[in-house]
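Asker: Here it is, the structure, as structure tokens.
The values are calculated or read from the model by the stated rules, or taken from the named source; none is laboratory data. Being a predicted model, the structure only gives us computed values, none of them experimental. Cβ placement follows ideal geometry from the backbone for every residue including glycine, while neighbour counts extend to all protein chains displayed.
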Amino acid sequence: MNDVLQMPAAGTRSERWDQAGVVVSAACAVHCTLLPLVAGLLPLLGLQPLADERIELALIAITTLIGVVGHTRAYRLHHQHVGPGLLFVAGLSLIVVTRVSHVESVIEPVALGVGGAFAAAAHWMNLRLCRCCSACAAGRPGQR
């Protein structure tokens, strides 16, 4: 059971992209979920820049860049499974649709958090699939 939950060591570039993707996507999910709840405290703590919309757009852009590169590399070079890519697209779509719709309700932080969690889970799936790939385990990525 512990083997299933362990993250593989950063060996290949694809794994490093996915590990970065997990971190950035999780940061995006936490930022988008908690920001509405603590927005009133930000000026008191000197963290007002975190509420800037440019920070949110930067997080979305970085998540997109890392996700596209990580999922494309993993698909082409390692496991050829579309599941992680589809989960990433679903999460990113949820984030983008929520941000573009400008709906300010209780649903917004929940939808953004779920979208970020989907993106992080997609990177986690990529890491797990690559680790299970017999070619990767033998040190020959890209061969099945």
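Asker: Taking the criterion of being more than 24 Å from residue 111 (Cβ to Cβ) and modelled with pLDDT of 80 or more, would at least one residue in region 23-30 satisfy it?
Answerer: Initially, region 23-30 is screened for residues more than 24 Å from residue 111 (Cβ to Cβ), giving none.
Looking through region 23-30, none of the residues is more than 24 Å from residue 111 (Cβ to Cβ) and modelled with pLDDT of 80 or more.
Asker: For region 38-53, indicate whether the set of residues that are touching a Gly at 6+ places or on another chain (Cβ under 8 Å), in contact (Cβ under 8 Å) with a residue 12 or more places away in the chain and part of a helix (DSSP H, G or I) is non-empty.
Answerer: Within region 38-53, none of the residues are touching a Gly at 6+ places or on another chain (Cβ under 8 Å), in contact (Cβ under 8 Å) with a residue 12 or more places away in the chain and part of a helix (DSSP H, G or I).
Asker: Which residues, taken from region 77-127, are charged (D, E, K, R) and free of Cβ contacts under 8 Å to residues at least 24 places away in the same chain? Give the steps one after another, and end with the answer.
Answerer: Step one: filter region 77-127 for residues charged (D, E, K, R), giving 99, 104, 108.
Selection gives 104 alone.
Asker: Can residue 59 be described as exposed (fewer than 11 other Cβ atoms within 10 Å of the Cβ), in a helix (DSSP H, G or I), at negative phi and modelled with pLDDT of 75 or more? Explain how you work it out, then say what you get.
Answerer: Working: exposed (fewer than 11 other Cβ atoms within 10 Å of the Cβ): no; in a helix (DSSP H, G or I): yes; at negative phi: yes; modelled with pLDDT of 75 or more: yes.
The answer is no for residue 59.
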